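Structure first, then comments.
Computed from the coordinates by the stated procedures, all read-outs in this text should not be read as laboratory data. Treat the numbers as computed from the prediction; the structure is a model and nothing was measured. Neighbour counts run over all protein chains shown; Cβ positions are idealised from the backbone, glycine included.
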Amino acid sequence: MGKNKLTKRQKVEAVQGFMFISPWMIGFIVFAAGPVIASLVLSFCKWDILTPVQFVGLKNYVKMTNDPLIKKSLTNTLYYASAAIPLGMVGALSTALLLNQKLKGMRLFRTLFYVPSVTAGVATLLLWMLIFNPELGLLNRALRHQIPFTHIPFIADPPKWLGDPHWAMPALIIMALWGVGGGMLIYLAGLQGIPEELYEASLLDGANARQKFWYVTIPLLSPTIFFNLIMSIIGSFQVFNAAFIMTGGGPMDATRFYVLYLFQNAFQYFRMGYASAMAWLLFIIILILTLIQFKIAPKWVHYQ
Amino acid sequence: MKKLLTYLAIVIIFVPLVRWVAKPKVRQEYTKDGKVIIEWYNYSTPEFLKLYTDYLVPEFEASHPDIKIRLNSSLGDTGYDAKLLTLIAGKIPPDIVHITQQNFPFYAVKGIFLDLNPVIARDKSFNLNDYFGPVMDGMRFQGKLLGLPSDFSTIALVYNKRMFDKYHVPYPDKNWDWDKFLWAAKKLTRDTDGDGVIDQFGFVNINSYNRWPAWVWMNGGDILSPDMKKCLLDKPESIEGLKFYIDLSTKYHVAPMGAQTLGQSYQEMFMTEHAAMIADARYAYKTFAKGMSFPWDIAPMPKGKQRVTTFIWGGNSILRSTKHPREAWEFLKFLSGKEGALLNVRAGNAFPAYKKVAMSDLVLKSPLSPPHDKVFLDAIEYGRQAPFPPQFTEFNQAMTKFDGCYLGYTPVDQICRQFTKDVNAAISGEVW
Amino acid sequence: MVNGRLRKTTDPRVRFWRNLKTALTYLVLIGLSCVFLIPFFWMLSTSLTEASKVIVRDREWIPHPFMWSNYYKALTVLPFQLFLKNTLIITICCIIGQTLSASLVAFGFSRMRFPGRNVLFIMVLSTMMLPVQVTQIPTFVIFTHLRWIDTLKPLIVPAFFGGGAFFIFLLRQFFMTIPSELEDAAKIDGCSSLGIYWNVALPLSKPALATVAIFSFMGHWNDFMGPLIYIQSMENKTLALGLNSFRSLHGTEYHLLMAASISVLLPVLIIFFCAQKYFVQGIVLSGIKG
């Protein structure tokens, strides 16, 4: 065979190709690769911007093992992830299944369910802060409402939500569930991609609804589920806005998410080195979790 | 032709774009007519900013025609640190920053403030004795003087005379001790509308580092050793003192716990007559001026085994990075000196650190002053500042554990011991 | 034969159960819709309530009277027009930047051949795994050296350098579906690669570009953490930051808070309802190809 030398034409095309992707390449070096290396180096240093950089070796990492807030913030984040991810996926999938029927008005409902996802931002966080207000909020007002025909309130003393260390995290999880619309759309698209013939074939085999679900729907939906799972994992480890705006990490560090603590270390306590070390720990954790998912994937994800 | 036009269009768009992108944001050091610009960074809210722009700045600029003052504010104290950091990091630092006893240690350790000792030595017109000693000491760190205080206040007991009269409780006075205090608070805590829920409290014990240390000290305990090498909050006297303060709400129920405040701040509770007594600083007069419909007065804090109270202060420091130290010093003197003091009084900023104005009738006989206003001033004789070690961040983090005590979730002695352990660990390490 | 539609049947029993199932489905759907949408109605109701009534415990749902003045007050207490201006500048520039550069890069990856193309593309994808915190601090330092702190530049300029791995990926998928005959025809006409990009690929990918534009809009309109780090002075704040400042300065004036929030939400809702198609399409594209 021998080496293929590029023809002049191919050389020209190669150069042009590189020029097309040059914006990304520059961006990659300046905003991705460079900073990644820099933050790794920073994680071995102590720096508060006001004083010069100091190399301290592994001290940041050692300090992390002794820092009770690191443990607490990791626990909080895992608590949130282990609740929000499964609940979110089940919720999104259920609504998608519900909407996957050929009835009139499904488009309208799909739009309505998706609206909360679209509006995600500071405005809706403020709305939910008010909803969770123990005295004036919508949620507690509904809970205190009297069961019809009795004078007994549903729940007389509802939790203080964002003001109670035990209920702050559940409150954030409830709020996350309100936004299942995004995941729902993805599942809906996936469901609609499943060919009818497979369902018919299963009917011929005598399958009932439950078996159809587990042996046709789920396997064929598995790539979508897998994608959603990876995205959810990455997303749940990055919860910041809600914690920063609604609770500031409290009460009693109940909602001090890892990424919030990282931000505070960098931009409030001025510990750039320590925050960089925290960022690398986050990176490694997410990497490990995603690699695990990729490893397990062949066992349950079916590609057509 | 078309190609030429396209190229021309690209250049016309591209060049100004690149210029805009490449333009760095720099700080103006001089005005167009050569005046030096001094930038003063503070956390004043819009109403204060207005006071400054209407009164403070014009007065200074009138007497110092070659200096122009520019105000930069973080509009409230959240985000103050983050903004200062970005200003300094972004190479657009201010010249003077407003600082309080709360965040002073954090910045002092980082060495970003200008040492004023040599500056004062050179300036014959400035006299340190014009200021209250303890307050000035608050701005000393490792032998350097890192700023000048502009205002301060001790903490004293503010009480509602009408409520005391209504329930026939004698007014607080300098003979009050903790038992008398508790007895009075109990008598003033009531369920006024009979719905089974207490809606009026004798006292409000807020979780503030400007309040609870006094109770620890009064009982003979302490928080940090004088050399800041050891945390002393696990000593029995310390725990006992703090416990009494927290028990006021969790055990004796003479102060509200959490939701019992109905979302009101402690000052709002006092002003709406839901609390008979609060421990506050003279800065509160500003808030009280908004309308108190009942007679009220000041008394010293109840005496424990000894008489101690905390004081808080605000001041200003010059950043070492300033390019105009001389002009900055002029403004600093102004802010803390007689003129600044008078403006402080007008703004209702408690006591100026400048003695002459603080002790004048202007302050003590102001229209806002209740009969015993002087108690605040006299209290400086037994006033102490709540201490901070250089390992400020860990110290603050350890303190958040007390939130649980005030909510009744965790016992005080346990948290005190945990706090001591955490702080000792932090103090023995370097500043991080 | 069965073609996916419900078999028409006259068997009354089957019809009965089928109708019941349909009715139940609608019931559940309506119930869920209520749950999803009630917060918005309550938001509206709060924004139109009088100041004194807002702190009443169980106030009525429909306020009497409608305090439209709340909106005026809420939007003038802080300079919302400045916030809007800044947000618009950032959003529009980023939409242009991201669509332009992501499509350029995607075109390069999909239709041009050069050594290392596949390896480089895997690198593009790998950046999606990178948590933003790892690059945040050094990027911040870069911008401090450039003296771009407290300007809108750190939030705009990066959009022109690739536009983000996700959009590159999306557009590349789309470009790969363009038949090569069209490209060959253009080449015969003497078109350069840039010309093919501009005259062939872009016009054909309008739906995908619309999706990119829409998602770029959503991302930047609501962006909070980015402006939080870089913007400090009130004049440069965005709507998201402005709302947060509103919360810290007037957080207990719930009626004003909700009025301001609704005002910020409105543009997003309007664009959503007008361009629903592209939203759904975008999600679908990303999910399927993922």
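Per residue of peptide C:116-126, the mean number of Cβ atoms on other chains within 10 Å of the residue Cβ is 2. For chain A, the relative contact order comes to 27 percent (Cα pairs under 8 Å, sequence separation of at least 6). Roughly what angle does helix B:80-89 make with the longest principal axis of chain B, taking Cα atoms, 0 to 90 degrees, to the nearest 10? Once rounded, the angle reads 30 degrees.
Efficiency by 1/(1 + (r/R0)^6): what FRET value for B:ILE13 and B:ARG320, r their Cβ-Cβ distance, R0 = 30 Å, to the nearest 0.05? Plugging the Cβ-Cβ distance into 1/(1 + (r/R0)^6) gives 0.10. Taking B:ASP199, B:ASP191, B:ASP33 in turn, the Gaussian network model of chain B (Cα-Cα springs below 10 Å) assigns the largest fluctuation to B:ASP33.
Pairs of Lys residues in the stretch B:269-385, spaced 8 or more positions apart or belonging to different chains, with C-alpha separations under 25 angstrom: 22 in total. Above 12 Å, the calculated P(r) of the stretch A:36-94 contains 75 percent of its Cα-Cα pairs.
Rounded to whole numbers, the Karplus 3J(HN,Hα) couplings from phi for the stretch C:136-149 are 4, 5, x, 4, 4, 5, 4, 5, 5, 5, 6, 6, 9, 5 Hz, using 6.51 cos²θ - 1.76 cosθ + 1.60 with θ = phi - 60°, and x at Gly and Pro. Between the helical axis of B:178-188 and the longest alpha-carbon principal axis of chain B there is an angle of about 90 degrees.
Remark: the B:LYS286-B:ARG346 segment gains 20.6 nm on full extension, using 0.36 nm per residue and subtracting the alpha carbon distance. Counts of other chain beta carbons within 10 angstrom of each beta carbon in peptide B:88-95 average 5.
Between A:LEU78 and C:LEU182, the modelled label-to-label distance comes to 5.1 nm, taking each label 7 Å out from Cα in the direction of the beta carbon.
Helices assigned as whole DSSP H runs in chain A whose Cα atoms extend at least 24 Å along their own long axis and whose mean Kyte-Doolittle hydropathy is -1.0 or higher are found at A:8-27, A:68-99, A:218-236, A:272-300.
5 Å is the cut-off here: which amide hydrogens, built 1.01 Å from N in the peptide plane, fall below it relative to B:TRP296, excluding neighbours closer than 5 in sequence? Those qualifying (amide H under 5 Å, at least 5 residues apart or on another chain) are B:LYS161. Note on chain C: with a GNM built from Cα contacts shorter than 10 Å, the maximum mean-square fluctuation among C:ASP150, C:ASP223, C:ASP184 falls on C:ASP184. Using C-alpha pairs under 8 Å with a sequence gap of at least 6, the mean separation divided by the residue count of chain C gives a relative contact order of 30 percent. How would you classify chain C from its alpha-carbon gyration tensor, with a ≥ b ≥ c the square roots of the eigenvalues: rounded for a/c under 1.5, else prolate if a/b is greater than b/c, otherwise oblate? Cα axes put chain C in the oblate bin. Using Cα atoms only, what is the angle between the long axis of helix B:236-250 and the major principal axis of chain B, expressed in degrees (0 to 90) to the nearest 10? The angle comes out near 90 degrees. Restricting attention to the stretch C:78-250, the count of lysine pairs at 8 or more positions apart or across chains with alpha carbons under 29 Å apart stands at 6. Excluding same-chain neighbours fewer than eight residues apart, the lysines reachable from A:LYS59 by a Cα-Cα span under 21 Å are A:LYS46, A:LYS71, A:LYS72, B:LYS110, B:LYS421. Arranged from fewest to most other beta-carbon atoms within 10 Å of their beta carbon, B:LEU87, B:LEU8, C:LEU146 become B:LEU8, C:LEU146, B:LEU87. Label zone (B:ILE198, point 7 Å along Cα-to-C-beta; backbone nitrogen cut-off 15 Å) within the stretch B:247-267: B:247-262. Between C:LEU249 and B:THR272, the FRET efficiency estimated from the beta carbon spacing at R0 = 22 angstrom works out to 0.50. Shown in residue order for the stretch C:60-67 are the 3J(HN,Hα) couplings computed by the Karplus curve 6.51 cos²θ - 1.76 cosθ + 1.60 at θ = phi - 60°: 6, 5, 9, x, 10, x, 6, 8 Hz (x for Gly and Pro). Note on B:LYS3: no aspartates and glutamates have a C-alpha under 13 Å away, same-chain residues under 8 apart excluded.
Taking every C-alpha pair closer than 8 Å and separated by at least 6 residues, the mean separation divided by the residue count of the stretch C:163-269 gives a relative contact order of 18 percent. Largest GNM mean-square fluctuation among A:LYS160, A:LYS59, A:LYS11, using chain A with Cα springs under 10 Å: A:LYS11.
Of all stretches in chain C that contain no GluC sites (Glu not before Pro) in a DSSP loop with at most 16 other Cβ atoms within 10 Å, the longest one is C:61-290. Going by a ≥ b ≥ c, the root eigenvalues of the Cα gyration tensor, does chain A fall in the rounded group (a/c under 1.5), the prolate group (a/b larger than b/c) or the oblate group? The shape class here is oblate. In this label model, B:ARG122 and C:VAL28 are separated by 8.0 nm, measuring between points 7 Å along each Cα→Cβ vector.
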